[in-house]
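Trainee: Starting off with a structure, shown below.
The values are calculated or read from the model by the stated rules, or taken from the named source; none is laboratory data. Nothing here was measured: the structure is a model prediction, and the numbers come from that model. Cβ: placed from backbone, ideal geometry, glycine included. Neighbour counts: every protein chain shown. Quick note on the areas: whole protein, heavy atoms, side chains included, nothing else; ligands and nucleic acids left out. Shrake-Rupley method; radii C 1.70, N 1.55, O 1.52, S 1.80 Å.
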Amino acid sequence: MEKKTPLISLDSILHATLLLLALVFIQEVQGIGVNYGTIADNLPPPAEVAKFLSKSTIINRVRLFDANPELLRAFKDTRIEVTITVPNNQIPRVTNLTVAREWVQTNVQPFIPSTKLVRMLVGNEVLSTANKLLISNLVPAMQTLHVALVELSIESHIKVTTPHSLGILVNSTTPSGARFRQGYDTHVIKPMLSFLRDSNSPFMVNPYPFFGFSVDTLDYALFLPNSGMVDDVTQLRYTNMLDAQLDSVYSAMKVLGFEDVEIVIGETGWPTKGDPAQIGVDPMSASEYNGNLIRHVTSGVGTPLMPNRTFETYIFALFDENLKPGPTCERNFGLFWPNMTPVYDIQIMRNTAIGVAHYRHKSLLIIMVILSFIGSWRGSIFL
């Protein structure tokens, strides 16, 4: 009998296997982002925080609420991706190109590339301030800062955007019916989305199921088993509030013709302590929300309207901030105590199951499947 020649070599299969495993490993250890706020008088030194995050956790993205040089220096050579913020009160000034250049030369240029700056946020939830001066200057400021980055040829590495609260949406009973608020939609958000698309930057939102749940919807907010909600228009079923919030943003973007712009979760979280009248505010609920959040946004399942996606996500917050004003919950969103031990376990430490064993187990399963395939293939192609 004539011996058959294989169409592909064993070497090529092994090479493809190693490549697949490398891709899986890269995808799995992407980690999660965290908001690093500093309105407190009991926090550890930034250098210790940066070392802790890079060595002991799977957190590999950090969002800062300013451009504090001590914080930026702390993340030098850690390979953690850093997002900085132009404070709201500086927005009108940086619409001037000379001022924008100076801001970038002072707050960006001295720290790159050793600190891995990846994004510049222009203000925080500006549209929710109702400040007409800030709102009218928001998009021009974003455009001018982008020009300053272009002049330094770093615009491909550092993207400009701005985060929004869900107050930019008109209340809707279904995700598919959500729209941007009239006035903001065409005058601010549409030109902003056009800029984001042209510069390959994401639309950043701050969805908080914590601020939208009731006694009857606590499980829905925490990603726990519940009856869910069906969108009457699309007939899609929602089993958690975050998906409904994200799809509401997507629907509003689609109406304006920008459904292709990436959505990034700039803030979301759950506090461990609140005022006496608040329900569902405790370490267990916070652990349920943030742990399930991480699993969901990194799973690749996506949302009903945006299937098969992962979402870059920044949890609020790294530490409790004991000097923040407002209700008790505002000071108790932290994942870690000042001594950098976890407030509760959501498996983001490198020595936890999700940090190590889960990745090794998944890679091992892939190896076993591929080797089994190779064995079967070698046994059949030479018959």
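So that you can scan it fast, the table gives a plain yes or no per residue for (1) at pLDDT below 95; (2) over 27 Å from E81 (Cβ atoms); (3) among the polar types (S, T, N, Q); (4) under 23 Å from the mean Cα position of the chain (by Cα):
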site: L224; (1), (2), (3), (4): no, yes, no, yes
site: T234; (1), (2), (3), (4): no, yes, yes, no
site: Y238; (1), (2), (3), (4): no, yes, no, yes
site: D243; (1), (2), (3), (4): no, no, no, yes
site: E259; (1), (2), (3), (4): no, no, no, yes
site: I265; (1), (2), (3), (4): no, no, no, yes
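Trainee: When you look at D77, is it open to solvent by 10 Å² or more (accessible area, probe 1.4 Å), under 20 Å from A317 (Cα atoms), out of contact with any Gly (no Cβ under 9 Å at 6 or more places or on another chain) and not polar (S, T, N, Q), yes or no?
Mentor: For D77, the condition - open to solvent by 10 Å² or more (accessible area, probe 1.4 Å), under 20 Å from A317 (Cα atoms), out of contact with any Gly (no Cβ under 9 Å at 6 or more places or on another chain) and not polar (S, T, N, Q) - is not met.
Trainee: Report the residue count in segment 299-330 for those that are in contact with a strand residue (DSSP E or B) (Cβ under 7 Å, 6 or more places away or on another chain), within 22 Å of V118 (Cβ to Cβ) and open to solvent by 40 Å² or more (accessible area, probe 1.4 Å).
Mentor: Matching residues across segment 299-330 total 1.
Trainee: So, one more: If the Cβ limit is 8 Å and pairs must be 6+ apart or interchain, which residue in segment 178-203 that is acidic (D, E) pairs with which residue that is assigned to a loop (DSSP other than H, G, I, E, B) and surrounded by fewer than 22 Cβ atoms within 10 Å (Cβ to Cβ)?
Mentor: Pairs that qualify, where the first residue is acidic (D, E) and the partner is assigned to a loop (DSSP other than H, G, I, E, B) and surrounded by fewer than 22 Cβ atoms within 10 Å (Cβ to Cβ), are D185/L256.
Trainee: Just wondering, is there one or more residues in segment 63-71 that are over 27 Å from P191 (Cβ atoms) and touching a residue at least 40 places away in the same chain (Cβ under 8 Å)?
Mentor: Yes, segment 63-71 contains at least one residue that is over 27 Å from P191 (Cβ atoms) and touching a residue at least 40 places away in the same chain (Cβ under 8 Å).
Trainee: If you scan segment 224-248, which residues turn out to be open to solvent by 40 Å² or more (accessible area, probe 1.4 Å), touching a residue at least 60 places away in the same chain (Cβ under 8 Å) and either touching a Ser or Thr at 6+ places or on another chain (Cβ under 9 Å) or on the phi > 0 side of the Ramachandran plot (or both)?
Mentor: Correct list: T234, L236.
Trainee: Got a number for residues in segment 35-66 being charged (D, E, K, R), touching a helix residue (DSSP H, G or I) at 6+ places or on another chain (Cβ under 9 Å) and buried (at least 21 other Cβ atoms within 10 Å of the Cβ)?
Mentor: Within segment 35-66, residues that are charged (D, E, K, R), touching a helix residue (DSSP H, G or I) at 6+ places or on another chain (Cβ under 9 Å) and buried (at least 21 other Cβ atoms within 10 Å of the Cβ) number 0.
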